[in-house]
Amino acid sequence: MNERIHKFEAAGLGKAPFRLIDVYEKRGPLQLADGTLVGAPGQPMGTCRYCGTGIAVCCVIQDAEGATFEVGSECVKKRHATDAADTRLELELRSRKNDLAREKRRARGAEARKRLQGLIARHGPAMSARPHPYGFTEYGTGRPLTFLDYLKYSVASVGDTNIVRLEKAIRETYEGEK
């Protein structure tokens, strides 16, 4: 009888079936209880219990008996000839990683919106002297819209990824920063 067992069970990490409990990023620098900073910026600060590799995306797995352990996302996805396929873990991981990416985009977008509003406050008169980039006019009155009108509309309407790009371009144009 050729019984296949899950790779995590074969490695002694717990009993199958396994569930994905949480996914989070752990990157340096981390602040210890005494205030000391450990790790370089962006450095993976977790360790995979399955392969021992340093990991940034930590997956908390729970076994059938309720014990938990952390592994890297690649070890969740990687299949071995001796393990039973666990597509449920892989699908849940993909969903959780997408959620993490969405949260990061939203945070970057919110920060960029605040910076862009500061740029508008500092450079509003210069922006209102420039015409709208597409030459639009105000509906009903025919008044030519300005670059400032365009930016105010963009801050309220543009998605997170595009607001980050727009903020960078405006910062480079008006403040000369790269």
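Is one or more of the residues making up the stretch 82-90 among the polar types (S, T, N, Q), in contact with a strand residue (DSSP E or B) (Cβ under 9 Å, 6 or more places away or on another chain) and at pLDDT below 95? No, the stretch 82-90 contains no residue that is among the polar types (S, T, N, Q), in contact with a strand residue (DSSP E or B) (Cβ under 9 Å, 6 or more places away or on another chain) and at pLDDT below 95. Scanning the stretch 124-178 for residues that are of a type in the set (Gly, Ala, Ser) and either closer than 14 Å to ALA112 by Cα or within 24 Å of the chain's Cα centre (by Cα) (or both) returns SER154, ALA156, SER157, GLY159, ALA169. Figure legend. Inter-residue proximity from the stretch 135-147: first residues surrounded by 10 or more Cβ atoms within 10 Å (Cβ to Cβ), second residues polar (S, T, N, Q) and not in a loop (DSSP other than H, G, I, E, B), beta-carbon distance below 7 Å, spacing 6+ or different chains. Indicated pairs: ARG143/THR137; PRO144/THR137; LEU145/THR137; THR146/SER128.
Restricting attention to the stretch 1-33 and to residues that are of a type in the set (Val, Ile, Thr) and under 29 Å from the mean Cα position of the chain (by Cα), the residue that is farthest from SER73 (Cα to Cα) turns out to be ILE21.
A quick yes/no check of all residues on (1) touching a residue at least 40 places away in the same chain (Cβ under 8 Å); (2) exposed (fewer than 15 other Cβ atoms within 10 Å of the Cβ):
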residue: ALA11; (1), (2): no, no
residue: TYR24; (1), (2): yes, yes
residue: THR36; (1), (2): no, yes
residue: MET45; (1), (2): no, no
residue: CYS48; (1), (2): no, no
residue: ILE55; (1), (2): no, no
residue: GLY66; (1), (2): no, yes
residue: LEU89; (1), (2): yes, no
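Note on the stretch 14-34: residues that are under 19 Å from ARG96 (Cβ atoms) and assigned to a loop (DSSP other than H, G, I, E, B) total 3. The lone criterion from (1) assigned to a helix (DSSP H, G or I); (2) of a type in the set (Lys, Arg); (3) loosely packed, with under 14 Cβ neighbours inside 10 Å left unmet by ARG4 is number (1).
Is there a residue being over 30 Å from ALA11 (Cα atoms), surrounded by 13 or more Cβ atoms within 10 Å (Cβ to Cβ), of a type in the set (Asp, Glu) and without any contact (Cβ under 8 Å) to a residue 60 or more places away in the chain anywhere in the stretch 163-170? Among the residues of the stretch 163-170, at least one is over 30 Å from ALA11 (Cα atoms), surrounded by 13 or more Cβ atoms within 10 Å (Cβ to Cβ), of a type in the set (Asp, Glu) and without any contact (Cβ under 8 Å) to a residue 60 or more places away in the chain, which makes the answer yes. Is there a residue in the stretch 158-177 that is of a type in the set (A, V, I, L, M, F, W, C), farther than 30 Å from LYS104 by Cα and modelled with pLDDT of 90 or more? So far as the stretch 158-177 goes, no, none of its residues is of a type in the set (A, V, I, L, M, F, W, C), farther than 30 Å from LYS104 by Cα and modelled with pLDDT of 90 or more.
Among the residues of the stretch 39-57, which ones are more than 22 Å from the chain's Cα centre (by Cα) and not hydroxyl-bearing (Ser, Thr, Tyr)? Within the stretch 39-57, ARG49, CYS51, GLY52 meet the criteria.
The values are calculated or read from the model by the stated rules, or taken from the named source; none is laboratory data. Everything numeric in this text was worked out from a predicted model, so none of it was measured. FYI the Cβ positions are ideal-geometry reconstructions off the backbone, even for glycines, and counts take in every protein chain you see.
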